[in-house]
Amino acid sequence: MASYKIIQIVASQSVPDKEDEFNRWYTDVHVPMFFGFDGLKQAGRYRCIGAAGDNAKYLAIYEFEDEESLAAFPKSEAFAEAVSDFEDRKEAVGFEMKWAASYELIKSWSRE
């Protein structure tokens, strides 16, 4: 698995009665729309193991090669289309944003 230098993490969840719709939309529509932007190199979704408590139930991690790609992402057509779709569907899928942040890689390790 490639290790890119910049990650953007989005922590979210859905209201319980819309969770299936939320997961279908996020996995099958929302994240794939972002791949219209060439600077997005990799993405993954994660679910909290056990009770989430005050933590977000889901994390999406978007990986970029450099800060320039990250800065260009919100200006891209793919991002604009995904945000427009999000605005149209967020209530239907019960989307709740907990937080988002971007991080720069300091060092990585791997087992050979």
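What to note about this one:
- Enumerated strands (runs of 3 or more DSSP E) restricted to region 3-112, each holding at least 3 residues that are hydrophobic (A, V, I, L, M, F, W, C): 6-14, 58-64, 95-104
- Failed item, numbered, when Y46 is tested on (1) more than 30 Å from R111 (Cβ to Cβ); (2) modelled with pLDDT of 95 or more; (3) surrounded by fewer than 18 Cβ atoms within 10 Å (Cβ to Cβ): (1)
- The residues of region 9-46 that are among the basic types (K, R) and over 12 Å from the mean Cα position of the chain (by Cα), listed by number, are K18, R24, K41.
- Unmet requirement for K5, which otherwise passes all of (1) buried (at least 17 other Cβ atoms within 10 Å of the Cβ); (2) closer than 30 Å to I106 by Cβ; (3) modelled with pLDDT of 95 or more: (3)
The values are calculated or read from the model by the stated rules, or taken from the named source; none is laboratory data. Given the structure is predicted, the values throughout are model-derived calculations rather than measurements. Reconstructed Cβ throughout: ideal geometry from the backbone, glycine too, with neighbour counts over all protein chains shown.
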